Amino acid sequence: MIKHHPKLDLIQAYTQGKLPASLSAAISIHASMCPDCQQLIDEQTELHASSVFENGGVNEVIYETETLSKIFAEADLDAMISAITSDDSVSQSQPVADKQVEINGQTYQLPRALANINHSNFSGIGKISRASLDLGEGDLHSHLLHIDAGGSVPSHTHKGFELTLLLDGTFSDESGEYVKGDFIMLDSSHEHTPISEKGCLCMTIADDALHFTQGLSKLLNPIGKMIY
Amino acid sequence: MQVTNSVMAKRDKTPPKGRYQSSMSKDDSKQLTEWLVAVAEKRDKKAFSALFSWFAPKIKNVAYRQFNNEAQALEIVQDTMTNVWRKAHLYHPEKGAATTWIYTVMRNVAFDALRKIQAKKEDLLSDDIWPLVEGEVTETESFSDYLMDKRLLNLVDTLPDNQQQIVRAVYFQDMTQEQLAKLLNIPLGTVKSRLRLALAKLRQQLDDQSQD
Ligand SMILES: [Zn+2]
């Protein structure tokens with residue numbers, strides 16, 4: 001059973017599209033395996049949507065149309081609407097790209113949120129190998145991390161935070177055992193030594209920027225600044 | 001963004017629903033949903049204009065606050081409303097308000113635009129991160145594969161209106177036949193027979209075409 005979930009502030013930032021792609025993808029993958037978080041996301045989305053759109057009802061369309069003509073004076077409102085509606089084709093839902101990775105003879109199906117993200121070849125030492133995900137997010141580094149059966153990651157801490165999302169298999173560390181879907185957020189105060197008895201595939205996101213050393217609670221502030 | 005110490009405690013409570021629905025009446029919400037369904041099912045341009053008038057200024061405000069740039073904000077409006085027009089058939093009225101659905105369309109457009117600016121990536125990840133439809137393309141019936149075919153889409157357009165409506169609702173909006181019967185206020189048997197007729201006609205026309 002999944003025991004580790006993203007916190008509410010991360011879920012809220014996710015529903016508002018304010019998180020980087022790496023963290024957004026990780027929350028999306030977790031929610032696809034965790035009905036509780038999916039429900040929370042749906043509720044938060046509805047809450048935020050109504051706070052964004054709630055001013056003014058349908059009866060104010062006339063007033064809105066005045067505002068509209070001011071806003072779109074140059075763009076020519078009618079032209080915009082008819083340009084959109086003249087194309088009568090309907091977007092077909094794209095078949096979900098079926099993306100698999102093979103590592104040391106083991107094949108894994110990647111979740112949809114990662115299907116269109118390029119990654120490097122896997123490389124590593126002994127039973128540990130990783131591939132970097134090409135997301136272009138500066139100090140945020142995202143990887144696919146594979147541990148072969150019986151492998152372990154040497155004890156380590158992080159400058160900023162480290163998220164481990166278990167995509168398949170299991171591993172354990174000093175705090176216990178983790179299962180597929182667990183969303184494990186550690187900050188620099190945690191030291192851990194993950195061991196995988198039967199092997200596993202994870203997505204990891206680590207932030208090496210110095211301003212993150214105060215940990216997860218400060219996570220949203222620098223990202224907020226980066227975005228706005 | 002507020003970080004609370006009692007996140008887990010808060011998570012056990014459902015959000016106070018009454019509070020945020022107060023300023024928009026049920027009638028308004030119903031009207032927006034009707035417009036969106038009319039766009040989805042009938043490609044109703046008047047309904048689309050009405051949606052545009054209602055949402056465009058609001059979307060522009062939100063986008064302007066986010067991007068602080070007039071041209072970019074207009075682009076977000078245009079891209080969002082284009083997706084509303086082209087993806088309306090993916091909206092499920094029984095799953096949520098029209099405002100929520102259009103918000104998610106806008107959020108996805110803005111996310112991709114922001115990524116283009118910040119990460120210099122045009123990978124359009126938003127639809128993978130927030131799929132508009134749960135479990136897209138997971139239909140196992142072989143007939144749904146045909147429905148993905150553009151050829152068949154054109155054929156659907158040639159069906160009588162009452163059959164078209166039912167095919168679109170069941171195959172593009174994932175409504176159950178029971179839901180549809182209730183929505184259209186017709187007996188379930190009528191929905192079933194119209195759907196049977198429509199599918200038979202589509203199969204027939206596909207056969208005819210493949211023999212050409
Ligand atoms: Zn969860």
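A short reminder: the numbers here are calculations on the coordinates, not readings from a lab. For clarity, every value in this text was computed on a predicted model and none was experimentally measured. Please note: Cβ atoms are built from the backbone with ideal geometry, for glycine as well, and neighbour counts cover all protein chains shown.
Data table
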item	result
Ranking of B:Leu114, B:Leu124 by count of other Cβ atoms within 10 Å, fewest first	B:Leu124, B:Leu114
A:Met80, A:Met1 arranged by Cβ crowding within 10 Å, fewest neighbours leading	A:Met1, A:Met80
Pairs beyond 25 Å (Cα-Cα), from B:Lys95/B:Lys116; A:Lys18/B:Lys120; B:Lys58/B:Lys116; A:Lys180/B:Lys95	B:Lys95/B:Lys116; A:Lys180/B:Lys95
